[in-house]
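Visitor: Just passing along the structure, written as structure tokens.
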């Protein structure tokens, strides 16, 4: 049932290919990713991590997803208003200790611009075609902790050959037998090594690298989105 909450349909655009994956550590979990149709030539890429584990986290995740999807029309010209509303609903409908990190990105196929809000989530990674990496750092606090909440958007211009990776801490906090974490550095290396693969194959390669690194049982959900930008086609 929870698997059906993840995207079943992916809007098609001319200049981007994208895919997402969520491998839960338990039967259900609190990681979330989504793709939203935000209007003509507009795509929403969302990744989040709800506090807690198991059934409780899964219910909060479903609540967050429902709020985002039901109000996604707001994002066409008022993405900040959408997120303010989502925060208020999440705050009103959950307990005092419930919160979520979330990265919301809005890609415009016509202008090749990516606008984003990072609500206390791990920095997105933008691997440029020349190999340099830029971070989509936090721009606001976590969702659900404060009744009065606001956010600011930042913008990136994208070029053919760029690769965007959004992910949760199940990837970077996977540990080896010595207790060392996979970390952002290993993720960047994996992106550089496998960047020519398709989005789905690149996701699989990253998951394989994490599993090779950590021989232990998976303790946290592994969730990621990969988007590859190309010339119009």
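A short reminder: the numbers here are calculations on the coordinates, not readings from a lab. Predicted, not measured: the structure shown is a model, and the values here were computed from it. Every residue, glycine as well, gets a Cβ built from its backbone with ideal geometry; the counts of neighbours run over all protein chains shown.
Visitor: Yes or no: residue 190 surrounded by 14 or more Cβ atoms within 10 Å (Cβ to Cβ) and touching a residue at least 40 places away in the same chain (Cβ under 8 Å)?
Guide: Here the answer is no, as residue 190 does not meet what is asked.
Visitor: Please find, within segment 112-138, the residue that is farthest from the chain's Cα centre (by Cα) out of those that are farther than 26 Å from residue 94 by Cβ, in contact (Cβ under 8 Å) with a residue 40 or more places away in the chain and in a loop (DSSP other than H, G, I, E, B).
Guide: 131
Visitor: Cβ-Cβ below 7 Å, separation at least six or inter-chain, first residue in segment 64-79 and free of Cβ contacts under 8 Å to residues at least 12 places away in the same chain and at negative phi, second part of a helix (DSSP H, G or I) and buried (at least 18 other Cβ atoms within 10 Å of the Cβ): which pairs?
Guide: From segment 64-79, the pairs are 74/82.
Visitor: Moving to a separate point now. Looking at segment 139-183 only, could you name the residues that are under 30 Å from residue 230 (Cβ atoms), touching a residue at least 60 places away in the same chain (Cβ under 8 Å) and within 16 Å of the chain's Cα centre (by Cα)?
Guide: 153, 163, 164, 165, 166, 167, 168, 169, 170
Visitor: Count, please, the residues in segment 199-224 that happen to be part of a loop (DSSP other than H, G, I, E, B) and either more than 20 Å from residue 47 (Cα to Cα) or without any contact (Cβ under 8 Å) to a residue 40 or more places away in the chain (or both).
Guide: Of the residues in segment 199-224, 4 are part of a loop (DSSP other than H, G, I, E, B) and either more than 20 Å from residue 47 (Cα to Cα) or without any contact (Cβ under 8 Å) to a residue 40 or more places away in the chain (or both).
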